[in-house]
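Here's the structure, in structure tokens; my notes come after.
The values are calculated or read from the model by the stated rules, or taken from the named source; none is laboratory data. Since the model is a prediction, treat every value here as computed from it, not as a measurement. Note that each Cβ is placed from the backbone with ideal geometry, even for glycine, and that neighbours are counted across all protein chains shown.
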Amino acid sequence: MHKSKILITCPKGIAPFLKQELLALGFPVLSESVAGVETEGAFEDTLSLNLHVRTGHRVLFQLKEFSANSVDELYRELYALAWEEYVPEDGYLCVTSSVDTPGIKDPRFASLRCKDAIVDRIREQRGRRPDSGPARDRSVVHLYGKEGLCKVYLDTSGEPLSRRGYRKMPLTAPMQETLAAAVVLATNWNGSGNFLNPMCGGGTLAIEAALIGLNRAPGLFRSNFGFMHIKGFNELLWQELREKAKKEAKKSLSGRIIATDNNPAAVEAAQKNATTAGVEHLIEFSVCDFSDSPLPDGGGVVVLNPPYGERMGEIQQLEATYKGIGDYFKQKCGGYTGYVFTGNPSLAKKVSLKPKQSFPLFNSGIECRLLEYELYEGSKKIKKT
Ligand SMILES: C[S@@+](CC[C@H](N)C(=O)[O-])C[C@H]1O[C@@H](n2cnc3c(N)ncnc32)[C@H](O)[C@@H]1O
């Protein structure tokens with residue numbers, strides 16, 4: 001297949017981390033927007049992007065860019081594409097869309113006509129048409145439209161990449177895997193210092209940290225991607241890429257990863273998830289209050305994702321928790337860099353330390369902040385003496 005633009009989507013706030021990932025993987029960055037980064041390459045490149053990218057959600061291979069100011073025009077432009085070369089006539093097709101353009105009032109109708117154009121074209125060329133529906137586990141096409149400009153893509157991920165496949169035991173308020181990876185990348189932790197994660201919940205941060213520290217490709221967990229359901233999928237290349245990624249992963253880490261929570265069910269879930277991810281031997285789990293988490297010498301990062309609370313009673317209780325985090329940082333965490341990820345700015349103030357940096361990141365549509373605190377050794381020494 002020809003070289004084309006490739007758009008990798010991500011939640012708001014994550015694009016700067018995604019951009020760094022793409023550059024590190026050797027891909028050019030053509031543009032960056034709030035919810036995605038555009039690169040370019042051949043269709044085969046989408047295999048390695050799906051395998052290696054940690055912070056992106058969907059890898060979209062662009063087939064065509066055109067203007068359309070009515071649904072009929074949209075249908076004609078889409079019908080003109082050689083869909084029979086991409087989508088198997090005996091397969092299954094799902095069309096997703098994000099259309100907000102004058103002349104096409106109803107985005108659902110745009111999606112429907114896009115699907116019609118594809119299946120009509122395939123039936124005309126091959127004598128039969130693929131089934132279609134909402135499941136994203138086989139061939140997926142994405143239609144984008146804004147201000148009269150439309151773009152149509154093969155969604156080479158299918159199910160979003162945030163679904164790595166290791167989280168079998170989600171708890172309430174888990175962080176998406178892609179967001180957790182962005183948080184770990186923001187801390188610059190690379191496996192050498194210690195990574196402490198009190199309030200670990202289902203363990204997503206600790207597991208993503210282990211994967212990053214080991215340089216283990218996140219796509220190795222999944223056995224199904226959209227690109228596998230596009231004609232001409234190069235199975236041999238996919239197996240080669242997987243083998244290479246496995247060889248490039250480290251076996252052990254020099255730093256320790258410690259994950260704790262005061263809820264035994266959370267620690268149990270985190271342990272099970274880590275087992276599924278194959279990193280349970282690298283994470284030390286225990287049930288305890290965050291302030292009693294072990295703090296090994298040698299420094300590193302301590303990352304907390306406390307509850308943000310919604311009801312008033314909860315908020316009052318959480319004020320004490322956030323104040324406690326500030327005390328814990330000041331009294332026990334000297335020599336570490338502290339991070340708090342929260343969606344509640346007024347609770348964050350209760351930490352009563354001045355953040356050195358603040359990263360805006362969205363968690364399921366809620367604007368959150370990752371706050372970074374430099375914690376000096378001095379306070380630890382004072383405490384000790
Ligand atoms: C928002 S969840 C963390 C979610 C986690 N990042 C994930 O991806 O699954 C907050 C966690 O903090 C824990 N927690 C609340 N207060 C705590 C305390 N005082 N000490 C330890 N853990 C606490 C809760 O049990 C819960 O699992």
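Couple of notes before you dig in:
- Considering residues of the stretch 295-318 that are within 13 Å of the ligand (Cβ to nearest atom) and part of a loop (DSSP other than H, G, I, E, B) only, the residue farthest from Tyr166 (Cα to Cα): Glu310
- Considering residues of the stretch 255-281 that are under 10 Å from Ala206 (Cβ atoms) and near the ligand (Cβ under 9 Å from one of its atoms) only, the residue nearest to the chain's Cα centre (by Cα): Asn273
- Total residues in the stretch 253-275, condition acidic (Asp, Glu) and either in contact with a His (Cβ under 9 Å, 6 or more places away or on another chain) or surrounded by 20 or more Cβ atoms within 10 Å (Cβ to Cβ) (or both): 1
- Filtered residue count, the stretch 117-141, keeping only those that are more than 25 Å from the chain's Cα centre (by Cα) and crowded, with 17+ Cβ neighbours inside 10 Å: 8
- Of the residues making up the stretch 7-35, those that are closer than 26 Å to Asn234 by Cα, of a type outside the set (A, V, I, L, M) and not in a loop (DSSP other than H, G, I, E, B) are Thr9, Glu21.
- Pairing residues of the stretch 16-36 that are free of Cβ contacts under 8 Å to residues at least 12 places away in the same chain with residues that are in a loop (DSSP other than H, G, I, E, B) and loosely packed, with under 13 Cβ neighbours inside 10 Å, at Cβ distances under 9 Å and at least 6 apart in sequence or on separate chains, gives no pairs at all.
- Residue match in the stretch 152-166 (condition: within 30 Å of Pro102 (Cβ to Cβ) and touching an Asp or Glu at 6+ places or on another chain (Cβ under 9 Å)): yes
- Residue satisfying condition, being within 15 Å of the ligand (Cβ to nearest atom), within 24 Å of Ala210 (Cβ to Cβ) and in a helix (DSSP H, G or I), within set Phe285, Phe329, Phe341: Phe329
- Qualifying residues in the stretch 167-207 (those that are away from the ligand (no atom under 12 Å from the Cβ) and either out of contact with any Phe, Trp or Tyr (no Cβ under 9 Å at 6 or more places or on another chain) or at pLDDT below 95 (or both)) - the one farthest from Val301 (Cα to Cα): Lys168
- Matching option when the condition is aliphatic (A, V, I, L, M) and surrounded by fewer than 17 Cβ atoms within 10 Å (Cβ to Cβ), among Ala82, Ala68: Ala82
- For the stretch 39-65, a residue qualifies if it is among the aliphatic types (A, V, I, L, M) and either buried (at least 21 other Cβ atoms within 10 Å of the Cβ) or outside any loop (DSSP other than H, G, I, E, B) (or both), and the qualifying residues are Leu47, Leu49, Leu51, Val53, Val59, Leu60, Leu63.
- Residues that are under 15 Å from Thr46 (Cβ atoms) and among the small types (Gly, Ala, Ser) within the stretch 1-32 comprise Ser4, Gly26, listed in sequence order.
- Search result, residues across the stretch 58-86 that are hydrophobic (A, V, I, L, M, F, W, C), touching a helix residue (DSSP H, G or I) at 6+ places or on another chain (Cβ under 6 Å) and under 19 Å from His229 (Cα atoms): Val59, Phe61, Trp83
- Residue satisfying condition, being among the hydroxyl-bearing types (Ser, Thr, Tyr) and without any contact (Cβ under 8 Å) to a residue 40 or more places away in the chain, within set Ser139, Ser97, Ser132, Ser111: Ser111
- The numbered conditions (1) assigned to a helix (DSSP H, G or I); (2) touching a strand residue (DSSP E or B) at 6+ places or on another chain (Cβ under 6 Å) are all true for Thr276 except (2).
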